[in-house]
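Q: Have a look at this one.
The values are calculated or read from the model by the stated rules, or taken from the named source; none is laboratory data. Quick caveat, the model's predicted, so the values are computed rather than measured. Here the Cβ is made from the backbone with ideal geometry for all residues, glycine too, and neighbour counts use every protein chain on show.
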Amino acid sequence: MTQAVIYTRFSPRKNAEDSRSCETQEKLCRKYCKDSGFDVKAVFRDEALSGKDLDRPGLWQAIERIRKGDVLVVYRHDRLARDVYLSEVIRRAVKKAGGHIEAVNGGGGNGESNEEVLIRQVLAAFAEYERKVIALRTKYSMLAHQKAGRRMSNHPPYGYKPAPEDSSRLVEDENEQLVIKKVIELRKQGMGWSAIARWLNENGFPARAKKWSHVAIMRIIERYAPGLKNR
């Protein structure tokens, strides 16, 4: 009997398909294995992790358990990865171990024919594109909320501080806004990240950390003057 290793990944999203819990995914995978005549020998999971994240102990442990003739079963192919390159890296690792991958909701891409490989790659490419769109929408949504004065985390972005009368909202920090203007001015003059950080430190401009770093300068430019990033 073919031995199966089940892998599930949970990433909370508004989309119901993407938000199936690891328990629900495992239940569907076990049913698929039973219907396919597979014997489940192990189950691994990663929770609240992105499909582009390489640091997924559950996934790599699942691949380590694969032996010749085994099958790695997932609910959908994008549970493995939402990145085309990473998806192929994972697939090759499983193949090298002597196994193959099957998805409960595979969309016709479980085999190894040229057509099925193409289907998988198209699905992976779409999942990667979808991830980038979601990330972009989230980024601009957060920026819009911040401009409207809504506090998004316990660490306000540089240039803002909690409102004295309502800590759930943000107001501009006058001193930090002056620093932002200076950073943008220096960047327009052609100064690099490290040079700006050094100038601020030497001229006594206070930083939230002990001193200014090139990373902190880059983040300010990315947030407040992205057009100057590659200047």
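Q: Only one of (1) of a type outside the set (F, W, Y); (2) over 21 Å from the mean Cα position of the chain (by Cα); (3) modelled with pLDDT under 80 fails for E174. Which number is that?
A: Going through the list (1) of a type outside the set (F, W, Y); (2) over 21 Å from the mean Cα position of the chain (by Cα); (3) modelled with pLDDT under 80, E174 breaks only (3).
Q: Scan the range 67-79 for residues that are modelled with pLDDT of 90 or more and crowded, with 24+ Cβ neighbours inside 10 Å and jot them down.
A: Correct list: L72, V73, V74, Y75.
Matching residues to (1) at pLDDT below 85; (2) on the phi < 0 side of the Ramachandran plot; (3) surrounded by fewer than 11 Cβ atoms within 10 Å (Cβ to Cβ):
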| position | (1), (2), (3) |
| --- | --- |
| R120 | yes, yes, no |
| A124 | yes, yes, no |
| T138 | yes, yes, yes |
| K211 | no, yes, no |
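Q: Of the numbered conditions (1) outside any helix (DSSP H, G or I); (2) buried (at least 17 other Cβ atoms within 10 Å of the Cβ), L59 fails exactly one; give the number of that condition.
A: (1)
Q: Being among the acidic types (D, E), at pLDDT 80 or above and crowded, with 22+ Cβ neighbours inside 10 Å is the requirement here; does D46 meet it?
A: So D46 fits the description; yes.
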